[in-house]
Amino acid sequence: MFGPERPQQIAQTVFRCSRADQTEVLFLAGEESLTRFANSYIHQNVARQDAQVSVRAVVGRRVGVAATNDLSPESLRRTTEQAVAIAQVQEEDPHFRSLPGPAAIPSTSAFAQKTAACPPEERARRVGVICRLAQEKGLRASGALSTGWAEMAVANSLGVQAHFPYTRAELNTVIMGDSGSGHASTVALDIEAVDEEAIGREAVDKALRSADPAELEPGEYEVVLEEYAVATLLVYMAYLGFSAMALQEGRSFMRLGEQIVGPEISIWDDGLDPAGLAVPFDFEGVPKQRVELIAQGVARAVVYDSYTAGREEGHASTGHALPAPNSFGPLPTNLIMAPGETPRRELGRSIQRGVWVSRFHYVNPVHPLRAVLTGMTRDGTFLIENGQVARPVRDLRFTQSALEALSEVAAISRERRLLPGFFGGILVPALHLRRFRFTGTTE
């Protein structure tokens with residue numbers, strides 16, 4: 001790892017070279033190692049190391065960005081000159097105000113040495129557990145286990161200076177049978193928190209139970225959405241509407257101050273919550289704030305970066321900037337949904353006839369202002385009868401407003417799971433919804 005001193009030296013080199021009015025240096029470095037498996041054996045081990053410097057130059061109201069992974073002084077000089085040259089040929093942006101100024105960075109830690117130093121033999125041992133569990137049942141295992149470390153540092157000519165190292169371990173698997181499949185995944189900053197046996201058993205259990213699925217007519221059903229499906233809904237809600245830019249451009253479903261989902265639903269973003277994957281500042285070096293996006297069903301706020309905050313009087317960045325250049329706007333990367341009071345094992349006990357959904361895939365937006373999504377169920381879709389999971393059914397296509405779905409909450413599990421999300425994690429419960437619209441079936 002580089003530590004805080006090397007990024008500071010790089011930033012000072014860039015600042016000395018820069019002829020811009022304001023200059024920002026974003027330093028990203030890390031190593032990711034991945035063990036991939038299919039048909040119950042490991043077929044790929046890869047490891048990648050890189051370090052990149054991105055320079056953002058501001059000339060008046062013009063902005064240019066250039067990047068390099070050659071950290072030599074000469075390369076940094078050329079990259080800085082290129083960023084300035086790009087800025088000089090841009091059109092002036094009347095909405096640009098300034099790069100952010102310095103602020104105190106909260107103290108937190110998200111680094112585990114065992115994750116950073118995890119050898120391929122250890123990943124192979126953990127993958128082997130899943131493969132053996134699948135083989136014992138005549139099934140085939142596939143998936144990947146990745147481990148690694150990263151460093152992020154931000155400095156600008158206004159005095160911002162931030163540095164943070166962190167680690168990630170992520171495991172996902174799909175277990176296949178002749179006519180059924182099961183999936184499970186997890187993410188953690190510490191590889192010791194990854195329980196590969198539990199993940200393997202979960203996926204094997206779904207693969208066995210989903211064999212020989214029956215047809216089910218499309219229509220509206222009561223549903224239980226597992227955490228994987230709930231996380232997907234939140235990812236797309238973040239993508240479509242939790243950004244200040246989406247709201248400013250009139251394409252967000254967030255009607256601030258209005259009830260948009262059921263009062264049981266509260267969703268927030270908190271980059272400092274230790275239950276998630278903590279990172280204390282964004283890609284501009286602005287400290288992350290907890291943002292109450294939806295509180296008891298009411299749309300309360302969206303997330304800002306310095307650019308979108310500059311477009312509105314009285315707003316400041318909430319610490320949700322993505323790396324420049326960024327036409328998408330800010331994004332919440334540490335989403336959390338409030339738990340309920342129902343034990344997870346009791347979800348769906350009141351359903352006379354409904355559908356249990358393990359997860360979604362191939363999801364696409366249909367109507368951003370209504371948060372309408374379409375996609376498919378996958379890796380474990382089951383019919384619920386008289387409060388019990390009765391039999392597997394073929395995967396179903398859905399076309400459904402996430403807002404309408406979350407307005408039909410019957411119960412929320414008190415347990416939650418941490419799952420991978422945009423640049424961070426999503427901490428979510430499972431949900432029992434009174435209505436969910438399925439529009440087709442698979443062949």
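The values are calculated or read from the model by the stated rules, or taken from the named source; none is laboratory data. None of the values given here were measured: they were computed from a predicted structure. Here the Cβ positions follow ideal geometry from the backbone for every residue, glycine too, while neighbour counts run over all protein chains shown. Keep in mind that these areas ignore ligands, DNA and RNA; they rest on the heavy atoms of the full protein, side chains included. Shrake-Rupley method; radii C 1.70, N 1.55, O 1.52, S 1.80 Å.
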Within the stretch 7-22, residues within 23 Å of Asp50 (Cα to Cα), out of contact with any helix residue (DSSP H, G or I) (no Cβ under 6 Å at 6 or more places or on another chain) and in contact (Cβ under 8 Å) with a residue 12 or more places away in the chain come out as Pro7, Gln8, Ile10, Ala11, Phe15
Quickly run through the stretch 36-54 and pick out the residues that are among the basic types (Lys, Arg) and over 16 Å from Asn172 (Cβ atoms).
-> Arg48
If we ask which residues in the stretch 389-399 are touching a residue at least 24 places away in the same chain (Cβ under 8 Å), of a type outside the set (Ser, Thr, Tyr), open to solvent by 10 Å² or more (accessible area, probe 1.4 Å) and assigned to a strand (DSSP E or B), their number turns out to be 4
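Of the residues that sit in the stretch 320-357 and are of a type in the set (Ser, Thr, Tyr), more than 15 Å from the chain's Cα centre (by Cα) and assigned to a loop (DSSP other than H, G, I, E, B), which one is farthest from Asn156 (Cα to Cα)?
Of the residues in the stretch 320-357, the ones of a type in the set (Ser, Thr, Tyr) are 327, 333, 342, 350.
After this cut, where a residue has to be more than 15 Å from the chain's Cα centre (by Cα) as well, the list is 327, 342, 350.
Now narrow it down to the ones that are assigned to a loop (DSSP other than H, G, I, E, B): 327, 350.
Working: Ser327: 20, Ser350: 57 Å.
The extreme case among them is Ser350.
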Listed by first then second residue, the pairs whose first member lies in the stretch 401-422 and is free of Cβ contacts under 8 Å to residues at least 40 places away in the same chain, whose partner is open to solvent by 40 Å² or more (accessible area, probe 1.4 Å), with beta carbons under 6 Å and at least 6 positions apart or on separate chains, are Ser401/Arg370
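Could you please find all residues in the stretch 373-387 being within 27 Å of the chain's Cα centre (by Cα) and open to solvent by 10 Å² or more (accessible area, probe 1.4 Å)? Steps first, please.
Within the stretch 373-387, the first condition is being within 27 Å of the chain's Cα centre (by Cα), and the residues that meet it are 373-382.
Residues satisfying the conditions are Thr374, Met376, Arg378.
Scanning for something modelled with pLDDT of 95 or more and over 30 Å from Pro274 (Cβ atoms), does the stretch 191-202 turn up at least one residue?
Narrowing the stretch 191-202 to residues modelled with pLDDT of 95 or more: 191-202.
Restricting the remaining residues to those that are over 30 Å from Pro274 (Cβ atoms) gives none.
For the stretch 191-202, residues modelled with pLDDT of 95 or more and over 30 Å from Pro274 (Cβ atoms): absent.
If you take the residues in the stretch 388-408 that are among the charged types (D, E, K, R) and over 25 Å from the mean Cα position of the chain (by Cα), which one is farthest from His432 (Cα to Cα)? Explain how you work it out, then say what you get.
Quick first cut of the stretch 388-408, residues among the charged types (D, E, K, R) only: 391, 394-395, 397, 404, 408.
Cutting the leftovers down to over 25 Å from the mean Cα position of the chain (by Cα) gives us 391, 394.
Numbers: Arg391: 18, Arg394: 20 Å.
Looking at residues that are among the charged types (D, E, K, R) and over 25 Å from the mean Cα position of the chain (by Cα), I get Arg394.
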Mind checking whether some residue in the stretch 321-328 is surrounded by 15 or more Cβ atoms within 10 Å (Cβ to Cβ), at pLDDT below 95 and of a type in the set (S, T, N, Q)?
-> yes
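Assess whether Glu31 counts as being among the acidic types (Asp, Glu) and closer than 30 Å to Ile130 by Cβ. Show your work before the answer.
Numbers: among the acidic types (Asp, Glu): yes; closer than 30 Å to Ile130 by Cβ: yes.
Judged against the criteria, Glu31 is a match.
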Taking into account only those residues within the stretch 98-127 that are touching a Phe, Trp or Tyr at 6+ places or on another chain (Cβ under 7 Å) and not in a helix (DSSP H, G or I), which is surrounded by the most Cβ atoms within 10 Å (Cβ to Cβ)?
-> Ala110
Is it the case that Arg370 is closer than 30 Å to Gln289 by Cβ, surrounded by fewer than 23 Cβ atoms within 10 Å (Cβ to Cβ) and at pLDDT 95 or above?
-> yes
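Rundown of residues vs (1) in a loop (DSSP other than H, G, I, E, B); (2) in contact (Cβ under 8 Å) with a residue 24 or more places away in the chain; (3) open to solvent by less than 10 Å² (accessible area, probe 1.4 Å), yes/no style:
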site: Ala141; (1), (2), (3): no, yes, yes
site: Asn172; (1), (2), (3): no, yes, no
site: Ser179; (1), (2), (3): yes, yes, no
site: Asp205; (1), (2), (3): no, no, no
site: Leu208; (1), (2), (3): no, yes, no
Residues located in the stretch 210-237, provided they are part of a helix (DSSP H, G or I) and farther than 16 Å from Ser401 by Cβ = Glu227, Tyr228, Ala231
Checked the stretch 205-244 for anything closer than 17 Å to Asn364 by Cα and of a type in the set (Gly, Ala, Ser); matches are Ala229, Ala231, Ala238, Gly241
Would you check which residues across the stretch 149-170 are of a type in the set (Gly, Ala, Ser) and either open to solvent by 40 Å² or more (accessible area, probe 1.4 Å) or touching a helix residue (DSSP H, G or I) at 6+ places or on another chain (Cβ under 7 Å) (or both) and list them?
-> Ala153, Ala155, Ser157, Gly159, Ala169
The condition from (1) touching a helix residue (DSSP H, G or I) at 6+ places or on another chain (Cβ under 9 Å); (2) more than 17 Å from Met254 (Cβ to Cβ) that Gly276 misses is numbered (1)
Residue match in the stretch 83-96 (condition: aliphatic (A, V, I, L, M), closer than 30 Å to Val160 by Cβ, open to solvent by 30 Å² or more (accessible area, probe 1.4 Å) and not in a helix (DSSP H, G or I)) | yes
Please name all residue pairs, on different chains or six or more residues apart, with Cβ atoms under 6 Å, provided the first residue is in the stretch 86-108 and is modelled with pLDDT of 95 or more and the second residue is of a type in the set (Asp, Glu) and surrounded by 14 or more Cβ atoms within 10 Å (Cβ to Cβ).
-> Leu99/Glu24; Pro100/Glu284
